[in-house]
Every structure is written in C-alpha cells, then in structure tokens.
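The values are calculated or read from the model by the stated rules, or taken from the named source; none is laboratory data. This is a predicted model, so every value here is computed, not measured. Positions of Cβ are generated from backbone atoms using ideal geometry, with glycine treated the same way; all protein chains shown enter the neighbour counts.
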Amino acid sequence: MASGSRKIILKFFSLFSVVRGYNILVLVIAQYLASIFIMAPDIPIRDVVLDSNLFLIVLSSSLAIASGYIINNFYDSEKDLINRPQKTLLDNYVSQNTKLGVYFSLNFLCVILASYVAFKAVIFFSVYIFLLWLYSHKLKKYPFIGTLTASLLATLPFFIIFVYYQNFAPVIFIHAFFLFLLISIRELVKDLENLRGDFAQSYYTIPVIYGTQFTRKLITFLVLLLFIPAFILINSYDIGLMLYYFIFTVIFFVAFIIKLWNSIHWHDYVLLHNFLKFLIVLGIFSIALIDIQQVIKRLF
C-alpha cells in the first residue's frame, strides 16, 4: 500500500512537472489581474472575479497551455535529457502513452469548456491548440520563426481576454508590445541556455545557426527596443505605482546586458533566464499597483 501510494505521488509530481503547474498558476493570476486592472478597469472587482465566462476562458487557457507543455515535452524528451537531465528523469516517470492520453483529454476538455462561452471561443482555442502542436512539432526547430511563434503563443491567452472585454485602449497595446519583447528576450536567452541539446538534436535555433555573438547582439537590440514602450508607459500614461516596476525594469536590463556580454558558461545563461522569469512574475503582480487607491472602492 505504501509503495502504491508512493508511485501515485511520484506520478502526480511528474505530471505536474511536465505541465509546469507553477507556470499555469502564474498565468491564471496574470489573466485575472490583467482583466481587473487593464482590460476592465471600470467594472467592480467582484463582478470580474465572479464572471463565469471569464472563469471558463481562463480555465480553457490553462488546459490548452498545459497540453502544450505536454506535447512539447513529448517531442523534446531527448534534447531535454541533455539540457535538463534531472528534470527529465522526473518527467519520464509518466509514460509517453500516458502523456499523450492526458494531452488529448485536456484539449478535448478545453474546447468543451470554451463552447459554453461562445462559438468564437471554440474557434480561438482550436486554432491555439493547433499552433501549440505545430510549434512543438516543427516551428521551434527553425531560427527566428521559432522565437517569434513562442512569443506570440505566450501572449495569445491575453488576447482572448482583450477580445472578450472589447477594450481597444492604446495603453493595452503598449503593455502587450512590452510583454511580447520581454518574452522574446527570454526565449533567446533560453536558446543560449539550451545550445548543447539544440545542437545535438539538430534544432536550428538562432544560437545554433548564427552563434552566441549574434544572439547577444539581437538580445541587446530587443532590450533597447523594450525601453520604448517602458518609457511611453512611464511618461505618457497614469499607471499608478506600477511606474516603479518599469523604472526598475530599465535599471535591471542595464545590468542584464552587462552580465549577458560577460556570460561564458551554461550556468550564466541559466541565471539570466531565472532573472527574466522573476522579472515577468514581478511584472504580473505589479499590475495590481496600477490603481491601488481604487482597489478598496471597487471591491464593493
């Protein structure tokens, strides 16, 4: 009995690792905070949180992305064994057949839940699921296309909420552009981190084809480009205390670029990648600072 319980627990943690449950949780928080403070700033917080359609959209997004992580893990198992051997051993505690079964189940459930919102939601998530599969199967192996697709796929869950609330304010597009650039930078750093496995498995990423020097230059260019929406948000819009997040971001990336150009070993890129993940999570929670004075009023 003890042995059986241990196997169940290990399989649970293995599957949780495969679907990156912590990333799913962060996504859920990000979608709700974006809905409350950016997409629907004039609607009472209680009404946003208790909106059943929004709940189904967020849940469908989580299921689709979880299935995306599974199919990505399925195709990248050999590469990940080189880049992340310890994590891969945990991930492989669940068989590939089980992963595929969960993958199809999550996709089916995602589309069913979306059908309770609107037919347009069904179309969106069906296309989104297909793009996640296409990225994992083909697109991620090609330079530029893989990075661009990964960044777009990471921002699309926010696009469906944007469409749901029909809020076309320019500030939303500026936030989206900032997020897109930030994720693109992270994807390029991740490619540097995964260079050994990508090269061994013939993944034609930007570092594999053009080298680390070119990739650093491209990252530096994207960082400079990132400063544009950051400065616009700081100087042209009332974003409350989130202003300090963007100021911190500018300072952070100055230090980031210095560290990037002095990185030599694999663990240097792992460190930079972790810093970027921290910055993204920090930015998500900073959304609540946009209108902190109105939070209490909107709670009632």
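List every residue pair whose Cβ atoms lie under 9 Å apart, where the two residues are 6 or more positions apart in sequence or sit on different chains, the first residue falls within segment 266-283 and is surrounded by fewer than 18 Cβ atoms within 10 Å (Cβ to Cβ), and the second residue, located anywhere, is not in a helix (DSSP H, G or I) and not basic (K, R).
D268/N262; L271/S263
Does segment 215-222 contain any residue that is at pLDDT 90 or above, touching an Asp or Glu at 6+ places or on another chain (Cβ under 8 Å), of a type in the set (V, I, T) and assigned to a helix (DSSP H, G or I)?
yes
Provide a single number: the residues in segment 17-26 that are surrounded by 18 or more Cβ atoms within 10 Å (Cβ to Cβ) and in a helix (DSSP H, G or I).
2
Between a first residue in segment 39-66 that is among the hydroxyl-bearing types (S, T, Y) and a second residue that is assigned to a loop (DSSP other than H, G, I, E, B), which pairs have beta carbons less than 9 Å apart while being 6 or more apart in sequence or on different chains?
Between residues of segment 39-66 that are among the hydroxyl-bearing types (S, T, Y) and residues that are assigned to a loop (DSSP other than H, G, I, E, B), the close pairs are S52/Y116; S52/V117; S60/V117.
Filter segment 54-84 down to residues that are touching a Phe, Trp or Tyr at 6+ places or on another chain (Cβ under 7 Å), modelled with pLDDT of 85 or more and farther than 23 Å from V171 by Cα, then give me how many there are.
Residues flagged as touching a Phe, Trp or Tyr at 6+ places or on another chain (Cβ under 7 Å), modelled with pLDDT of 85 or more and farther than 23 Å from V171 by Cα within segment 54-84 amount to 6.
For the condition hydrophobic (A, V, I, L, M, F, W, C), assigned to a helix (DSSP H, G or I) and either more than 24 Å from A169 (Cβ to Cβ) or at pLDDT below 90 (or both), what is the one hit in I43, I38, I29?
I38
Inspect segment 114-123 for any residue being buried (at least 16 other Cβ atoms within 10 Å of the Cβ), in contact (Cβ under 8 Å) with a residue 24 or more places away in the chain and more than 28 Å from I36 (Cβ to Cβ) and give the result as yes or no.
Among the residues of segment 114-123, not one is buried (at least 16 other Cβ atoms within 10 Å of the Cβ), in contact (Cβ under 8 Å) with a residue 24 or more places away in the chain and more than 28 Å from I36 (Cβ to Cβ), which makes the answer no.
In this structure, is K140 surrounded by 15 or more Cβ atoms within 10 Å (Cβ to Cβ), touching a residue at least 60 places away in the same chain (Cβ under 8 Å) and in contact with a Ser or Thr (Cβ under 8 Å, 6 or more places away or on another chain)?
It is true that K140 is surrounded by 15 or more Cβ atoms within 10 Å (Cβ to Cβ), touching a residue at least 60 places away in the same chain (Cβ under 8 Å) and in contact with a Ser or Thr (Cβ under 8 Å, 6 or more places away or on another chain).
Working carefully through the options L181, L192, L132, find the one that is over 15 Å from the mean Cα position of the chain (by Cα), buried (at least 17 other Cβ atoms within 10 Å of the Cβ) and either assigned to a loop (DSSP other than H, G, I, E, B) or in contact (Cβ under 8 Å) with a residue 12 or more places away in the chain (or both).
Checking each option against the conditions leaves just L192.
Say whether the condition of being over 23 Å from the mean Cα position of the chain (by Cα), of a type outside the set (S, T, N, Q) and not in a helix (DSSP H, G or I) is met by at least one residue in segment 224-240.
Yes: one or more hits.
Based on this model, can you work out whether T212 counts as among the β-branched types (V, I, T), without any contact (Cβ under 8 Å) to a residue 24 or more places away in the chain and either more than 26 Å from C110 (Cα to Cα) or surrounded by 21 or more Cβ atoms within 10 Å (Cβ to Cβ) (or both)?
So T212 passes the test.
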